[in-house]
Structure formats: structure tokens, C-alpha cells
């Protein structure tokens, strides 16, 4: 489907629903929708158009995703169910009902992951990458592995007997261990023991070979060396198991020292209750029951795995030296505008507002913006939000350098960024040592907005240069996440950003924002007003359209507003990567709404919304916004988020006619959502061209970076590789 086809095609014939669409049935369950997204990730691991090791990476991602889902979402539902809570989700299901549906779907997903891995393993072996078993080892292998074991593994092992003198040991979240039934040779005395598999050692150990790549799983190496770990004993039975613990954080409402309180909470997380245990099939019954009893795990929380436990670790086998089995190399572009000014970010921004589309345009420009600010003697102040960033963050390096140089540096570090709390605590300590003013925002609100301001003395004036983003200031994830970075020295946008920072540091609620809406105060109400305005245009016979792109859509009021707009005649096209609680294509409810999800080489992460404004889409008079917020209750009601309106005509055209047009026209990586919440791959006829938006963005520079390809080019592109 070309963009022209998409824009002129009639919406699919709406379907009747069996449920009452005035009640909870008008929503689809959030947790089941998330599992549906992970099914799409697994199915991408089966997509033969994707290079082999990239398919293995998709499988690893799906396993990591599912682990996190259990440690946060399932853990929370389980706690509600244990407390006897029956409060339904927006689709009418109680916590217990949700857990039952999740368990059924997740078990099927775990089984599918193993089946996919078996297929990938066979293909890898055909491509000369072999995953060995102990029976496959040669004498040369054993000599090599003996050296590896005693020099790299043995020093970090802790074999643990289990008896009255040695109580069952603590295993952390994602702890992986071998459980053993042993018998002493001299007197037949039984011993039970645990051998935790060390997380500090690679899961897959390379074995020597001249003609292929060969790897032995670490647990196989351990089993092969049990005689040396338990001399005088022989193994009578064994199994492997892995646990997932409740990883949600609880922080006291009146925490006087937020950093210290989070450090304490992180220690509590490590000791959270076990929410799921994966155990190898065929485990000895007594050993299995002992583990369950000691970990306080019920049968319903145990999943038997006939295959590899901990598939997330197969990412180690995505090998750089097998480039033939990876995506073709791609080097992000430096925008021509920046090159025209010899790398001077301030000069490029002064010329005109600039929107970069990561990872197609390099995130190094964001780093350069702050590094240049740190070293520029005319810069007097820098303010920065930090939600997630890398361990050796060049952003933090630049802020520290600026502070040490005497510039005024304010860093808003969000301690509540899930699973990055410890890293953010370390970064905040470092910034404070450098002399930066570090603030932590609000205890009851996460600061998820992505804003940076640089105040520079130019002549007798102070000029504010502002960066607004949809993604994190994280140079590693910026290589694979699609996000927007907007640079401007527009005075109104600079004033808006300064007011937000004053709110974050001094609790001064911003008023009279000029181009910005923020949650929890005005973002949701602004969205609802603009959706209603579009419905009014439809009722008045004007062209009425909404295009939006986000990661998740579950906020009840927003979904109902979209339903009302659909019934008024607004044509609504949504690109929702992950969770979607809206049911599209239901007769009388959402006839004019269609939803698609894109899962491909890059992780879709940017948030965009475009309103036809009485002119339709694409149109130069449309209203265009980008945001840090998904359309979820937490983003719109319990976080500090931004919604930025774009007024620069080139940037507007870039978002509407380039970015959104290509996303909507994509076929190669698209899944179409049905009224029942299911997703089906977009249909591609054999041998026909299937437009791939990621390929388009890799080949065409952004408009505001001085590129020229837009909506008219989308259907005309030739394509050599899906």
C-alpha cells in the first residue's frame, strides 16, 4: 500500500461486537494487549525476511520483556488479588480474572519461545554456529574448558549444601541455579545442594574450532565439573531453575532524604517475593517441592520449561563477527545544516528550528549541543532533565565539565525511572561532586519530560537555546529507538522550558505557557479539547482527521473522546507500537478508527499527534505536536510530561508528510489491529514490493536537516530488501 492508497482507501467494513459497547467491553485489557505485543516480537523472530541473528535478538528481547512484565505487572496484580481486591480494570476484569488469562497466554508464549529457539538453533548450526551439549565435546574441547572453568568460573562459584546447618540460601531476582541430589560414595549418605549460576560470567562459553563458531552453555560446563565441586559425591538427580521477584518499588511518602530512601528501596526490591519460577521439565519431585517450599512458591507460579531456561541470555550469541547474519551496516547521518556551519550547533539552530529523527540522524548532535555549551565561554547556564542515561554518559560528562568551569548547571535527575534507579543515584552523586545543582522533582510524580536549555550571552542579550525530545538522553538506546529531537532558539519555547524547570526545582506551577502543555496540569485537557474540536469540524462538514503515533494507548477518557470523534465522522489513524485498550472498527463505536503496530529493525518510540484542524491531513494548516507522553493514565495524570506544538512550517511538513506519512504507508513491518484486540500482519502478496518505513528513513534525510523527500516520495521509492 502506498501513502496515496492509504489516504484514499475506504475504512474497512466495521464489525458488530457481541459485547455491550457502552460498558467495559468497549475497552481491551491492558495486560493482554501487552502480551499481544510480545507475541508480535516473537513472531518477528520467525520472520525469514529478518537476518538470522537479528531474529535471535528479537527472541532475546521477548524473553527480557516477559521477565519485566512478571516482576512489575504480574507482581502488582498478584498483590491486589492476595489482598482480596476486586476492583475491575477498565475492561471489567478483576485482578484474579486477569491473572488467570495472563497465566494461560504467558505459558503458551513461553512454549512458543522454546519452539522458535529450536528452529533458530537448527538454522544457526547450518550457518556454522553451534550450541553444544556435553556429549558433543571433544578431548580438545575438554582441555580448553578445564582451563576456562578453573580460571574464569571456579573463583566465583559458591556451592551450597542444604541441611539444618546450611539453610536455603537467598537467590536474587533473575537468580538462576542448579539444584542437585547427591550421594556420598563411601556411605551412600544423601545431600541436597544448590549451585547458583554466576551472572558475572558469560552464559555461552566459546570452544575452539577452525571452521565454525561453537559454544557450550555455562550450566553444561558446571554439570560437567560437578565431581570437582563435590568430591566424593555422585549426582543422583538434578534440575535447573530461575526465579523472578516482585521488583516494584515502594517509597515512604515523607522521605526526608529521597536518595537514601531509594537506596533502601532498591535493597528491598532485591529481596522481593518470588512471583514466578521456571524449572526444567523432569525435575526430581522431592527436589522440586523443596525449592517451592523454601521459596514460598505455589504450583500456579511454577512453569516447567522443556528447553533453555533464561532465553534472554541468547543475546550473547548475536555475534558481531558474523555480519552476514546481521542487519546491513547503517551509519546515522550528521544533518547537512550542522555540516554547513562546521559543526556549530548554535549557529545551525539560529538559522532555523531543526528536528532530528533518531536513529537516522545521529544522537551525537544532542551530545554535541551540550558539550559545545559546556566549553563555550559565552554560555552562562544549562538546565537538563535526566530520566534514563548510560553508565558513562557523555551528557553527564558535559554537565560536570560545565559545572566545574563555573557555569550554572541544574540537573533534574528522576530517581523513579524503573530499573535505572541505582544508575541515576550514581549520576546524581557525581553531578553534585562537580558542583551542579541536582534536584529530584516530586515524590508523587515522575518527571518524564525531556528538556534541555542552554542560556548563552550574545551581545547584550541572553539567548535561550532549547532542546525538546520524545526519548531519553541515552546514547546507547538512541541507536535503536526512533525518537525526535527538536532544537530551537524561539523565545516563547525557551520561556516555556524555563517555566517547567522552575516548576521542577521550586514547585512553582507554570502559567501562561505559550507553545507547551504539560501533565499533570494541562496536557490531557488539551488533547481532549483538540479531539473534540476535530469532531466539531466533522459535524460542520469540514475535513476532519487525526493521525497519532505512540507506544501505548489505555487512558479511558482519551479513548472515549476518540470514540466520540469517530462517531462524529473524524477519520482517525493510529500507530500504536505496544499496548492498545481501544477497539477499532466496531460498528457504531469506532467505525472510523484504525490501529496499526510497527515492529521492525528499530523500536518505535516517538510520540506524535496531528489534527487536520478543518483542513484534513496532510495540510500546512494542520496542528502538529510531539510529546514525551504516551496516552496512559500514568503519563497524563501522574507524571510531568510535555506536549510541544510545532509552528515552523518545515518541521511541520517533516512530521506530517515525511514521518507520519511513511509510518502510515508501511506494509513490510506493520500489524493491523482487529476489534477483538488481535493483530494480523499486513498482507503482502508474494513477489510484490512492500514499503518499509525504516528503510525509507535510512535513505532519506530529514527535511529540517536539509533533506527533501516527503509524502510525494513515499509511494515512489524503490525497494530492494524487505
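The values are calculated or read from the model by the stated rules, or taken from the named source; none is laboratory data. Just so it is clear, the model here is predicted, and its values are computed rather than measured. Positions of Cβ are backbone-derived with ideal geometry, glycine not excepted, and every protein chain shown enters the neighbour counts.
Condition check ((1) surrounded by 19 or more Cβ atoms within 10 Å (Cβ to Cβ); (2) in contact with a helix residue (DSSP H, G or I) (Cβ under 7 Å, 6 or more places away or on another chain); (3) more than 17 Å from residue 286 (Cα to Cα)) across all residues:
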residue: 151; (1), (2), (3): no, no, yes
residue: 168; (1), (2), (3): no, yes, no
residue: 179; (1), (2), (3): yes, yes, no
residue: 183; (1), (2), (3): no, no, no
residue: 193; (1), (2), (3): yes, no, no
>> Can you say whether residue 120 is outside the structural domain of residue 222 (by TED's automatic domain parsing), farther than 30 Å from residue 298 by Cβ and modelled with pLDDT of 95 or more, as far as the supplied structure shows?
In response: yes
> Taking the stretch 320-337 on its own, how many of its residues are within 18 Å of residue 51 (Cα to Cα), surrounded by 13 or more Cβ atoms within 10 Å (Cβ to Cβ) and over 22 Å from the mean Cα position of the chain (by Cα)?
Replying inline: 2
> Condition test on residue 519, is it within 26 Å of the chain's Cα centre (by Cα) and either assigned by TED's automatic domain parsing to the domain that holds residue 566 or within 30 Å of residue 662 (Cβ to Cβ) (or both)?
Replying inline: yes
> What are the residues in the stretch 442-461 that are surrounded by 16 or more Cβ atoms within 10 Å (Cβ to Cβ) and assigned to a loop (DSSP other than H, G, I, E, B), if any?
Replying inline: 442, 445, 448, 449
>> Would you confirm whether or not the stretch 469-484 contains a residue that is surrounded by fewer than 24 Cβ atoms within 10 Å (Cβ to Cβ) and either over 21 Å from residue 369 (Cα atoms) or free of Cβ contacts under 8 Å to residues at least 12 places away in the same chain (or both)?
In response: no
>> Considering only residues that are assigned to a loop (DSSP other than H, G, I, E, B) and over 17 Å from residue 154 (Cβ atoms), which ones fall in the stretch 203-221?
In response: 208, 209, 210, 211, 212
>> Condition (residue is out of contact with any helix residue (DSSP H, G or I) (no Cβ under 6 Å at 6 or more places or on another chain) and under 30 Å from residue 319 (Cα atoms)) applied to the stretch 223-236: is it met by at least one residue?
In response: yes
> Only one of these conditions is not met by residue 164: (1) over 33 Å from the mean Cα position of the chain (by Cα); (2) without any contact (Cβ under 8 Å) to a residue 40 or more places away in the chain; (3) buried (at least 18 other Cβ atoms within 10 Å of the Cβ). Which number is it?
Replying inline: (3)
> Does any residue of the stretch 211-222 turn out to be at positive phi, surrounded by fewer than 13 Cβ atoms within 10 Å (Cβ to Cβ) and modelled with pLDDT under 95?
Replying inline: no
>> If a residue must be in contact with a helix residue (DSSP H, G or I) (Cβ under 6 Å, 6 or more places away or on another chain), over 30 Å from residue 330 (Cβ atoms) and part of a strand (DSSP E or B), how many such residues does the stretch 603-625 contain?
In response: 1
> Which residues, taken from the stretch 500-523, are out of contact with any strand residue (DSSP E or B) (no Cβ under 8 Å at 6 or more places or on another chain) and assigned to a helix (DSSP H, G or I)?
Replying inline: 502, 506
> Residues of the stretch 420-441 being within 25 Å of the chain's Cα centre (by Cα), on the phi < 0 side of the Ramachandran plot and either at pLDDT below 80 or not in a loop (DSSP other than H, G, I, E, B) (or both), which ones?
Replying inline: 420, 421, 422, 423, 424, 425, 426, 427, 428
>> Please go through the stretch 81-122 and give me each residue that is in a loop (DSSP other than H, G, I, E, B), exposed (fewer than 14 other Cβ atoms within 10 Å of the Cβ) and free of Cβ contacts under 8 Å to residues at least 24 places away in the same chain, ordered by number.
In response: 83, 84, 85, 86, 87
> From the list 396, 380, which residue is surrounded by fewer than 21 Cβ atoms within 10 Å (Cβ to Cβ), assigned by TED's automatic domain parsing to the domain that holds residue 505 and either in contact with a helix residue (DSSP H, G or I) (Cβ under 6 Å, 6 or more places away or on another chain) or at pLDDT 95 or above (or both)?
Replying inline: 380
